[in-house]
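This report concerns only the one structure given below.
Rule-based calculations on the coordinates, nothing more; no lab input. Keep in mind it's a predicted model, so treat the numbers as computed, not measured. Cβ sites come from the backbone with ideal geometry, for glycine too, and all protein chains shown count toward neighbours.
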């Protein structure tokens, strides 16, 4: 259990770092993206203390990933990179792609915003999978 929590936290931290790096990159590529976040009443302002939970998401996801990895790691073969890539792709097809469809169909948000979320879901899955594969030899 201790190893599961440790690997989950490390995986979550890796995904948090990826998110922190991707957000400014997406804002630079799509200059209107930040404005869309700031002007849409759906989103809380950063000054709201509840927004700190935003940073807990990848940590919780990392813990869940570690648990799923523990149950499924024998299904993956090859190098750590290949195992992590396959794990991340499975996560993306189970969660990221359906998430894209439901977000796009349900919310009046710019398509580019939802696409960036979808790309981040794919990258998070792959990064999380690779970290787990490397930590669980």
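A helix-only calculation puts the chain at -24000 deg cm²/dmol for mean residue ellipticity at 222 nm, using -39500 (n - 2.57) for each DSSP H run of at least four residues, averaged over all residues.
In this simple spin-label approximation, residue 74 and residue 56 carry label points 7 Å from Cα along the Cα→Cβ vector, and these lie 3.5 nm apart.
Restricting the calculation to Cα atoms, every distinct pair contributes to the Kirkwood radius of the chain, found to be 15.8 Å. Ordering 7, 116 by the number of other Cβ atoms within 10 Å of each residue's own Cβ, fewest first, gives 116, 7. Compared with the alpha-carbon gap, the fully stretched path from residue 6 to residue 119 is longer by 38.1 nm at 0.36 nm per residue. In the calculated pair-distance distribution of region 36-89, the portion above 16 angstrom amounts to 60 percent of the Cα-Cα pairs.
Quick one: compute the contact order of region 2-135, relative version, from alpha carbon pairs under 8 angstrom and 6+ residues apart, as a percent. Relative contact order of region 2-135: 39 percent. From least to most packed, judged by other beta carbons within 10 angstrom and beginning with the fewest, 15, 52 follow the order 52, 15.
Peptides 124-136, 28-40 ranked from most to least packed by the mean count of surrounding Cβ atoms within 10 Å: 124-136, 28-40. Taking label positions 7 Å along the Cα-Cβ direction at both residue 36 and residue 102, the computed distance is 2.0 nm, reported to one decimal. An ellipsoid equivalent to region 58-137, defined through the eigenvalues of its Cα gyration tensor, has semi-axes of 26, 11, 10 Å when rounded to whole angstrom and sorted largest first. Taking every alpha-carbon pair under 8 Å whose residues sit at least 6 apart, region 11-63 reaches a relative contact order of 67 percent. Here the spin labels are modelled as points 7 Å beyond Cα on the Cα-Cβ line, and at residue 47 and residue 112 they lie 2.7 nm apart.
May I ask you to derive the relative contact order of region 71-137, considering only C-alpha pairs under 8 Å and at least 6 residues apart, and to give it as an integer percent? With pairs under 8 Å counted, the relative contact order is 51 percent.
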